[in-house]
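Following: one structure in structure tokens, then a few remarks.
The values are calculated or read from the model by the stated rules, or taken from the named source; none is laboratory data. Note that the structure is a prediction, hence the values are computed from the model and not measured. Every residue, glycine among them, receives a Cβ derived from its backbone with ideal geometry; neighbour counts consider all protein chains shown.
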């Protein structure tokens, strides 16, 4: 037997788990219905725990959050977009025109990038990242 098994009171664990399970019904998430229930539990725990890392429920919040994150990763993954599409989105989302970026990249180069005729250099990726306040990785092909 391991040290953990020797120190474990299995009967107390069964009794405690049964009571906990009646309240939280915490399981690996295998369906959208279970996902919705687990997200609701996570949100409730977030309201209760807040940013108190020493709260007695913070460990439970961590566990529930990891279950939700794992399900999100497996079922709702967002594919990376091409750097030019990310740039096009940021320009549109901020209501900018190509000329607004003239201090960072010449208009002709920007047009070539957005049309796919030219790639974003590492130097330009850094400048764009700073301008838009995003990670330079956004402008590097995956």
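Could you tell me whether any residue of the range 70-82 is under 29 Å from residue 136 (Cα atoms) and more than 15 Å from the chain's Cα centre (by Cα)?
Yes: one or more hits.
Considering only residues that are within 16 Å of residue 40 (Cβ to Cβ) and in contact with a helix residue (DSSP H, G or I) (Cβ under 6 Å, 6 or more places away or on another chain), which ones fall in the range 53-64?
Step one: filter the range 53-64 for residues within 16 Å of residue 40 (Cβ to Cβ), giving 57, 60-61, 63-64.
Hits for the range 53-64 are 57, 61, 64.
Could you figure out which of (1) assigned to a helix (DSSP H, G or I); (2) modelled with pLDDT of 90 or more; (3) more than 30 Å from residue 117 (Cα to Cα) isn't true of residue 99?
Failing condition for residue 99: (3).
Would you mind telling me which numbered condition in (1) free of Cβ contacts under 8 Å to residues at least 12 places away in the same chain; (2) surrounded by 11 or more Cβ atoms within 10 Å (Cβ to Cβ) residue 35 fails?
Every condition holds for residue 35 apart from (1).
Can you tell me which residues in the range 93-116 are under 18 Å from residue 81 (Cβ atoms) and surrounded by fewer than 13 Cβ atoms within 10 Å (Cβ to Cβ)?
Across the range 93-116, the qualifying residues are 93, 94, 115, 116.
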